[in-house]
1. Quick one: compute a quarter of the convex hull surface over the Cα atoms of chain E and quote it in nm².
2. For chain G, what number of Lys pairs, 8 or more residues apart or on separate chains, have alpha-carbon atoms under 25 Å from each other?
3. Tell me the net charge near B:Ile24. Cut-off is 11 Å between Cβ atoms, B:Ile24 excluded, with +1 for each Lys or Arg and -1 for each Asp or Glu.
4. Simple spin-label model, 7 Å along Cα-to-Cβ: D:Ala171 to E:Ala171 in nm?
5. How large, in percent, is the carbon and sulfur part of the accessible surface of segment H:7-134 at a probe radius of 1.4 Å?
6. FRET efficiency for A:Glu152 and H:Ser141, Cβ-Cβ distance as r, R0 = 41 Å, nearest 0.05?
7. Apply the a/c threshold of 1.5 to the C-alpha gyration tensor of the protein assembly as shown and tell me whether it is rounded, prolate or oblate.
8. Could you give the size of the charge dipole of segment G:1-116 about its Cα centre, using +1 on the Cβ of each K and R and -1 on the Cβ of each D and E, expressed in debye and rounded to the nearest 20?
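The values are calculated or read from the model by the stated rules, or taken from the named source; none is laboratory data. The structure displayed is predicted, hence computed values, not measured ones. Positions of Cβ are generated from backbone atoms using ideal geometry, with glycine treated the same way; all protein chains shown enter the neighbour counts. Protein only, heavy atoms only, side chains kept; ligands, DNA and RNA dropped before computing areas. Shrake-Rupley method; radii C 1.70, N 1.55, O 1.52, S 1.80 Å.
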Number of protein chains: 8
Amino acid sequence: MSEMSLVGIVMGSDSDYPVVEEAIRVLQKFKVPYEVKVSSAHRTLERTLSWVKVFEAQGGQVIIAAAGLAAHLPGVVAGSTSLPVIGLPIASGALAGVDALYAIVQMPPGVPVATVGIGAARNAGLLAVQILAAGREPLRSALRTYRRELAEEVERKDLALLTKLSEKAAAGES
Amino acid sequence: MSEMSLVGIVMGSDSDYPVVEEAIRVLQKFKVPYEVKVSSAHRTLERTLSWVKVFEAQGGQVIIAAAGLAAHLPGVVAGSTSLPVIGLPIASGALAGVDALYAIVQMPPGVPVATVGIGAARNAGLLAVQILAAGREPLRSALRTYRRELAEEVERKDLALLTKLSEKAAAGES
Amino acid sequence: MSEMSLVGIVMGSDSDYPVVEEAIRVLQKFKVPYEVKVSSAHRTLERTLSWVKVFEAQGGQVIIAAAGLAAHLPGVVAGSTSLPVIGLPIASGALAGVDALYAIVQMPPGVPVATVGIGAARNAGLLAVQILAAGREPLRSALRTYRRELAEEVERKDLALLTKLSEKAAAGES
Amino acid sequence: MSEMSLVGIVMGSDSDYPVVEEAIRVLQKFKVPYEVKVSSAHRTLERTLSWVKVFEAQGGQVIIAAAGLAAHLPGVVAGSTSLPVIGLPIASGALAGVDALYAIVQMPPGVPVATVGIGAARNAGLLAVQILAAGREPLRSALRTYRRELAEEVERKDLALLTKLSEKAAAGES
Amino acid sequence: MSEMSLVGIVMGSDSDYPVVEEAIRVLQKFKVPYEVKVSSAHRTLERTLSWVKVFEAQGGQVIIAAAGLAAHLPGVVAGSTSLPVIGLPIASGALAGVDALYAIVQMPPGVPVATVGIGAARNAGLLAVQILAAGREPLRSALRTYRRELAEEVERKDLALLTKLSEKAAAGES
Amino acid sequence: MSEMSLVGIVMGSDSDYPVVEEAIRVLQKFKVPYEVKVSSAHRTLERTLSWVKVFEAQGGQVIIAAAGLAAHLPGVVAGSTSLPVIGLPIASGALAGVDALYAIVQMPPGVPVATVGIGAARNAGLLAVQILAAGREPLRSALRTYRRELAEEVERKDLALLTKLSEKAAAGES
Amino acid sequence: MSEMSLVGIVMGSDSDYPVVEEAIRVLQKFKVPYEVKVSSAHRTLERTLSWVKVFEAQGGQVIIAAAGLAAHLPGVVAGSTSLPVIGLPIASGALAGVDALYAIVQMPPGVPVATVGIGAARNAGLLAVQILAAGREPLRSALRTYRRELAEEVERKDLALLTKLSEKAAAGES
Amino acid sequence: MSEMSLVGIVMGSDSDYPVVEEAIRVLQKFKVPYEVKVSSAHRTLERTLSWVKVFEAQGGQVIIAAAGLAAHLPGVVAGSTSLPVIGLPIASGALAGVDALYAIVQMPPGVPVATVGIGAARNAGLLAVQILAAGREPLRSALRTYRRELAEEVERKDLALLTKLSEKAAAGES
């Protein structure tokens, strides 16, 4: 949400937003300037292509593209830029995201999409930050901090569980 | 292969041709003028879109789009025309065409692709003919003949099998 | 619901109606005369076949056939007509529509079914309209308008999301 | 292959015959009179239905229906008779028989198909014999003999393997 | 629930009963004497085998075996009798019945299980009746009546839907 | 192949032997006494159960049970012993071992089977050794050696690849 | 929860605890000393490895490792110990545990994981007890009792269902 | 193969090399310095972790990790670095790479792996180049050239097919 976005986030439908939001939160946490776009690979293809071109021309570095069902958006975006494109499959409909996963990850030779897990918006955001961290030492350093925090969170939860189990045991429940 | 093609066949890679060929044979059998194009949804997107526009402007009526893996071609074509688009999933790679099937059939609301079975090029051609047959009585009539021939072929094979089994029985094998 | 239906919609069970309804709404929007039938490939096969014959004889042009589970209705209808048949898989039971998708799309050579996504009734309706639009310029033109509306809807939603995000940002949330 | 067949075997295509043959061998072994038919649920539906009617009227008791891909034949036959219908899915095409399995076993309520494994023609034949064995004591008794033979075959193979392993061990290979 | 049951219904767990119940209702409707057993292929194998032996010795004719997860009960029962065994896969746990379907239908050569759809208890019951109908003319006749009723039910629902749609149309909704 | 086997290997069919053989080689390498049995969960159930009982009574400690298709053998064995049972799914038939995997791993509560990968006979053997190593210090120590050898093999292969690549580079191929 | 745990339970996230709890209850029932750890294969890998080393050094005998999604924890633990490792796949996210099952069971040669069903925590616990029972006669004996109890529970449920059905019948409901 | 590799390629087994080779060719084409490592997530975990650390410390920027089966290598590498990690699933064994795909792409929150298609080594290489191209204008420019070449290749193949078809037609074959 700034002049000179480094990350562009495009989603095929605004119904994807509640999932995508977590990627945005990651970018905000790392203070990475970004922009958000709703645009479709089918319904507004030319608009999507224009946006990609302008984004790249203005110095954008990474694109996150989210879509569900026969998810063509990430691949179509990847076909029209030389920037790295992160594909985020959205679970939607009867196939629960397997369709989106296959339609995003199984790209033909020459046009890669960096795919993350179904609905894994947080990882999409982190991957964008990792890509940007090359040559941006503060970001690299922030990523190291983040990993330490993740580890500490696991340790805290481990402790909390042990405490809970001990109390239970003490209370004679076990 | 003529002025004023009614059916346009586009495939993402020339390696799809051996499968697609059977669709062409159907169109030839029904004397439907057609044209063939190799063009990609990712590597030559703009060229694909131009071809669709010209094809439609010159009176084309149905498009058959074939692709494998994360098969975006049929959907991207469908997004750029109001003609009916027949999607033909090609088996290729580790997922044996399930990826292509899902990427073609699970289109989002508003942009249908008329999907046939994995590798079912003959059916893609026939579906095109069925669509064209509206208001073209000779085609409709040829389709009826074709169905009769299909039925007769089944009957011939039934008879052939019975004969073979009878001979086997007579020869004391059963 | 008129003399001289162009589209016939047949479903295997009235429990499919809530899904199928969206196809009907599309036909109504495009003012395409249609008729609706509940008839089964197994329980009322002969009645189904009669209906197909009468529908075709009276000038029907496209059939939409919806079914769930081992969905045989679209294929059986396709086997008894030379009209294009659109197959609409309904999600139902433990396999969530994958059974219906496979049972509809994987037709043997000679008998195509134009399959749309699982539960994709809107696309079934639109595909019928696209097929009818050949030689019906007003329909073709309405389809173009429809596509424009779809695009505008995406643009509206894009704008709405941007506005929401800006307000959030202004409110100091980001 | 006789007057008064008890078992009718119908397959959608003569290309299914090499698989189906094993079912026939079982019927021959148990001296159960049978007949064989190539007929399709789509290409020769009325002929299929006629055959079912005649077969039932002439005292037929069980039907084995084999088909691949979107395998509708068993279900369509089951919908037109009150005889038990055994469905035999044939592996064919990119989905390797999963499509046929789902299209055969997931029948809607009211129209069962007794499904055996993909390509499991021997089991289809045995199931037919088991069904016929009610009230036919010699068949029941032959089935018991057959099961004993199966058991003895396992025991023989067990012994053969042990012998082979012992010899290997004696030869100092292990 | 009578002396001389013709159908034995065995389930691996009493939690399967709510599904299995529909099979029982079919047997009651056709006045087929049956008995019900909860017994496991793993936890009470010998008891299961004893029950099968007694059931067969007392003139039982068909067994319905229902189980979920790694559903071994139908196969184990089939291995210990020459009666036809109907396998009913129960949806349960993360794989939603696909595990049970595969574990029931994919039996090795020599030991068939007549498999119906996941949770398709009504079809399991009907298949048992169809098997019993050989040589029991009243049952055969009741099955024909049942099929007529099924057809009439479809026709009634067709009429009801048409009426509803007409009223809606008259009310100006369409 | 000795008095007092610690590991019993049972397979449903002698056609499983070429896969199972690798488990045997592991046991030989670790000098663990074992015995091999061909016996079926369906065709020779009682014989299977007897073998399990005798094996356990004679001091057997771990059972490896291998089977393909609807693989009931591991579960049935597990239901009749309190020894740990290792299940080895064999790829066979159209579903390529997924059926066997599900039929082995998805056991109901109370009757675990320690499942290894499809066709992973070496891992089945190693798991048996790991289980036996409790209280058998030489085995534990041999396992540690084995793990070191595995690591060294990886390192050797790493070196070999580097050497090959360097030579290629030196030869001007890169 | 004691000095000298025999079983170590490690889970990738404390959100797995509600599933894992059932394994703990089994260990408590069999009075097997255990310890519980929350530690990740990715976020706290070194801590996980340290815990494994300490656990093994202090006489631990079996490890249960639970994880969801791309479940690497069981395999990573198995790679760093020669103790038997039981893998417990947790259902989580769009793929409902199939991802975890494949990521746990399909281990490469040399590093087995003893996999139980998706969410099958009770079986994970029981398998640990079975492994420990070698050379611990009281455990072996408790397992035999447990199996008897399981059998009796099935029998009780069988009786309860029969009673319920009889009462229903007596009440004229059938 | 140089001082100061920018890309590190690690594979779980040297049997993955024939697939991985295509990624290397891409890096060579773009003159990106790289290094290759065979190291396992299970058999040589500590060595893998050391390599990652050294690679990162010496200025490495992107890691490509290839593995088959329960493919833990990419995730374990991703857990021990803040560099972007590209995961390349290798088809191997009965599940044909679906296991590897799920085990790589479905990473838990916090530890992304940029996954490409099954066996899509060329795309893995290209994605690495795209990531490196940020701030390396010659690489960016080479990528643009590469995309143009891809497009031209499609156009050449289109022309070649048209020519072939025309000649066939001229030769009277059509």
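1. On the way: hull surface 51.4 nm².
Its Cα hull, projected and averaged over all orientations, spans 12.9 nm².
2. Lysine pairs, 8 or more places apart or on different chains, close enough: 5.
3. +1
4. Roughly 8.5 nm, to one decimal.
5. Of all accessible area on segment H:7-134, carbon and sulfur atoms account for 53 percent.
6. Values: r = 43 Å, r/R0 = 1.05.
Plugging the Cβ-Cβ distance into 1/(1 + (r/R0)^6) gives 0.45.
7. Here the protein assembly as shown falls in the oblate category.
8. 120 debye
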